[in-house]
Amino acid sequence: MVMFLSILFAVFLASLSSVTGASVLRIDATCGFRLTTEGGFDGAVGQLADGQVRAGSGLAQSLFTWFGDAFTDQQGRGCWWTPPTSVLQCDWNQQPDHGFGIGCYGGLSYRDQEIFYECQTGDSDEVNIYLQPNGANCSRITLYADSCRPPCSTNPTEAPPQLSTTGTPGQDSSRTATTPSTPQATATPAFPPGTCDVVVADGPDEIVLIDKASPDTAYGPNPGMTVRLSPNASAIFAFRFSASDAGKQCALAFDLPAAQDQRAQYRLTGGGLVGFALLESPPKDPAAATYGNRPRVAMPLERAELRPGISVRPLEFPCPGADAEVAFLMADEDGADVCLEYQQYRPVVPIGLYLVKC
Ligand SMILES: *[C@@H]1O[C@H](CO)[C@@H](O)[C@H](O)[C@H]1NC(C)=O
Ligand SMILES: *[C@@H]1O[C@H](CO)[C@@H](O)[C@H](O)[C@H]1NC(C)=O
């Protein structure tokens with residue numbers, strides 16, 4: 001097995017020159033971003049003329065400016081949770097609230113909070129955004145920034161998301177980390193106790209959606225890291241490695257949080273087996289990847305019946321080093337009618353497919 005993987009990785013390395021478009025994200029001192037909401041209300045975040053932040057289908061999406069842990073709107077008005085209701089608003093001559101974070105997949109946090117609230121305004125479908133549910137007909141949302149994200153890679157100088165091997169699923173032992181929006185996880189230990197002190201959980205760098213019923217359709221870039229699984233739809237997950245990974249042990253992990261865990265939302269229906277597989281290569285051109293031109297399966301891995309709270313470890317392997325890229329497929333097995341939809345990155349709790357590095 002190890003030999004087989006080494007050979008595969010050698011192939012990956014040899015084919016690296018053809019893997020292009022690996023966009024390198026940077027943290028800029030200031031940069032512009034737009035927000036969307038997901039959850040109780042899915043939509044673009046805009047503003048009223050007076051600076052109040054709202055989401056709604058009739059609003060133009062606002063461009064905000066990021067200052068590392070705070071933001072203003074494009075006119076330079078400071079955005080803050082306005083007392084007493086804690087509604088989000090950007091006002092003239094207002095110091096913006098500090099304590100915001102943007103995770104590597106765009107999740108916005110404020111201090112240790114990643115779940116926010118939308119409450120209806122009564123103006124068409126427009127909703128206000130709150131830190132606490134202080135309006136009418138409120139529900140939970142998450143907020144996503146389309147830019148200004150730090151890289152997901154675990155460069156040791158960037159305070160990598162860490163979790164203790166002694167953590168148990170659902171425990172929140174790492175919530176006090178200084179980078180609240182990076183993938184923090186308290187996954188089931190993938191390795192025997194004592195074999196490593198610190199484990200790093202790393203989300204995929206790219207997710208490509210393909211559909212058997214539309215074999216020639218390329219679904220293109222997937223910046224929201226959405227995963228859709230059905231009898232026809234499946235997903236390819238690509239992971240890139242860096243020099244610091246060499247010599248570590250990697251485990252592929254798949255988790256669905258318990259149904260009552262409000263911090264990670266997903267939709268799961270149907271039943272039957274879902275299969276994981278190692279692919280011969282990542283898609284050559286992810287933006288043009290289709291079911292028809294998908295990479296071939298190099299090795300089928302574990303199959304699992306998905307249910308809330310599930311935690312599977314389909315593969316362990318020696319982590320490859322700098323610039324290697326490995327891809328996995330997740331698909332319904334024949335006869336299954338499992339439908340799963342989620343956003344790969346949810347702060348605090350692990351969800352979906354990720355790598356544990358030891
Ligand atoms: C809250 O929901 C109720 C029931 O759907 C509706 O009648 C009411 O207008 C809503 N309130 C606001 C402020 O939208
Ligand atoms: C899957 O694709 C087949 C063939 O195109 C189609 O008949 C079927 O309705 C699709 N199933 C689902 C669940 O979309």
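Where a number appears in this text, it was derived from the coordinates with a stated rule and is not lab data. Quick caveat, the model's predicted, so the values are computed rather than measured. Because the Cβ atoms are built from the backbone with ideal geometry, glycine has one as well, and the counts that use them run over all protein chains shown.
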Legend entry - Euclidean distance of C-alpha centroids, the stretch 40-65 and the stretch 247-319, integer Å: 34
Inset, instruction - May I ask you to list the residues of the stretch 204-224 whose amide nitrogen lies under 20 Å from a point 7 Å from Cα along the Cα→beta-carbon direction of ASP42? - result: 207-214, 218-224
Legend entry - Distance in nm between pseudo-label sites at ALA287 and TRP92 (7 Å out along the Cβ direction from Cα): 4.2
Inset, instruction - Using a 10 Å cut-off on Cβ atoms, rank the peptides 133-139, 87-93 from the highest mean neighbour count down. - result: 87-93, 133-139
Inset, instruction - With a point put 7 Å past each Cα toward its Cβ, work out how far GLU305 is from THR226 in nm, to one decimal. - result: 3.0
Inset, instruction - Could you order peptides 211-221, 264-274, 116-126 by the average number of other Cβ atoms within 10 Å of their residues, highest first? - result: 116-126, 264-274, 211-221
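Between ALA70 and ASP216, what length comes free when the chain is fully extended (0.36 nm per residue of separation minus the Cα-Cα distance, one decimal in nm)?
Stretched fully, the ALA70-ASP216 segment lengthens by 48.2 nm.
If you take the beta carbon distance between GLN260 and ARG111 as r and set R0 to 30 Å, what does 1/(1 + (r/R0)^6) give as a FRET efficiency, to the nearest 0.05?
For R0 = 30 Å, the calculated efficiency reads 0.80.
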